[in-house]
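Asks: One structure is given below, represented as structure tokens, and several questions about it will come after.
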Amino acid sequence: MKILQVNNLCKTYGKGETQVNALKNVTFSLEKGTFCAVVGASGSGKSTLLNCIGALDTPTSGEIYVDRNNLFTLKEKERTIFRRRNIGFIFQSFQLVAELTVEQNIIFPLLLDYCKPNPAIVEETLEILGLQDRRHHLPNQLSGGQQQRVAIGRALITKPKLILADEPTGNLDSHNSQEVLDLLIKASRNYQQTILMITHNNALAASADRVLHVVDGCLTDLGTASGEGGLYRDEKLS
């Protein structure tokens, strides 16, 4: 079952001599439960792609379907509600609410949608994240790795169809990066979450089911991370 379908996606900024074609006819799809890494140099269009898929930015042309819903034929209010219920975000900078505890940050998306959190699911999420003994701590009382685990919990709690992770380990050391990667793999395998992750770390990308390479707004599908025929391992990705 396809959770994400992107058709001929284009994004252009500016006009005339200052025009920048950030995305050029990008087309790909992701099946349910796929953990996909997006790699490429800075400025290649990776973040623009993620922002368009997450409906944080509007494409110039093309179509984006999430669970068979065309995001940009929805009215703005409908799109906002759909995004809140079906797309989870994990950012490099964590973006936790400083005044809320770990547990409150995790359930915040549910409260925004006027949903009553299920105590059993909240407890299970805290256990998976290894944060049960930190549930009442504020973000400034946590390490960087713990803060990113809270951000992952916040993305998981609504059981979204799609999780978008933008350099989720960019601010972490190698140990915490591996912990975050392990949590994302667990979400993909155990809960059939579809995950699209931007990363500059080739070692992290190698753990994904599939790798997409973006260069100057153009996307190439490198297939499985192990690289059938050695494709991924032989490809120079910066």
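Asks: Among the numbered criteria (1) over 20 Å from Leu164 (Cβ atoms); (2) at pLDDT below 85, which single criterion is violated by Ala225?
Replies: (1)
Asks: Spot the failing condition for Ala165; the list is (1) of a type outside the set (Phe, Trp, Tyr); (2) farther than 18 Å from Ala206 by Cβ; (3) modelled with pLDDT of 90 or more, and only one is missed.
Replies: It is condition (2) that Ala165 fails.
Asks: Name the one entry in Leu56, Leu30, Leu50, Leu74 that is within 15 Å of the chain's Cα centre (by Cα) and free of Cβ contacts under 8 Å to residues at least 60 places away in the same chain.
Replies: Exactly one residue qualifies, and that residue is Leu56.
Asks: Another question, then. For Ala120, state whether it is open to solvent by 40 Å² or more (accessible area, probe 1.4 Å), closer than 23 Å to Gln192 by Cα and among the small types (Gly, Ala, Ser).
Replies: Answer is yes for this residue.
Asks: For region 64-94, name all the residues that are open to solvent by 70 Å² or more (accessible area, probe 1.4 Å) and acidic (Asp, Glu).
Replies: The answer is Glu76, Glu78.
Asks: In the set Thr194, Thr158, Thr199, which member is in contact (Cβ under 8 Å) with a residue 60 or more places away in the chain, among the polar types (S, T, N, Q) and closer than 14 Å to Phe91 by Cα?
Replies: Just a single option satisfies the conditions, and that option is Thr199.
Asks: Still on this model: Show me the helices (runs of 4 or more DSSP H) found entirely inside region 42-130 where at least 1 residues are farther than 25 Å from Val215 by Cβ.
Replies: It comes to 76-86, 102-112, 119-129.
Asks: Filter region 98-143 down to residues that are free of Cβ contacts under 8 Å to residues at least 40 places away in the same chain and of a type in the set (Gly, Ala, Ser) and give me whichever is farthest from Val180 (Cα to Cα).
Replies: Ala120
Asks: Moving on. Evaluate region 159-171: report whether one residue or more is open to solvent by less than 70 Å² (accessible area, probe 1.4 Å) and in a helix (DSSP H, G or I).
Replies: Checked region 159-171: no residue is open to solvent by less than 70 Å² (accessible area, probe 1.4 Å) and in a helix (DSSP H, G or I).
Asks: Tell me which residues, restricted to region 5-59, are closer than 20 Å to Thr224 by Cα, touching a helix residue (DSSP H, G or I) at 6+ places or on another chain (Cβ under 7 Å), crowded, with 22+ Cβ neighbours inside 10 Å and not β-branched (Val, Ile, Thr).
Replies: Across region 5-59, the qualifying residues are Phe35, Ala37, Gly40.
The values are calculated or read from the model by the stated rules, or taken from the named source; none is laboratory data. What you are looking at is a predicted structure, and each value in this text was computed from that prediction instead of being measured. Cβ sites come from the backbone with ideal geometry, for glycine too, and all protein chains shown count toward neighbours. For accessibility, only protein heavy atoms count, side chains too; no ligands or nucleic acids. Shrake-Rupley method; radii C 1.70, N 1.55, O 1.52, S 1.80 Å.
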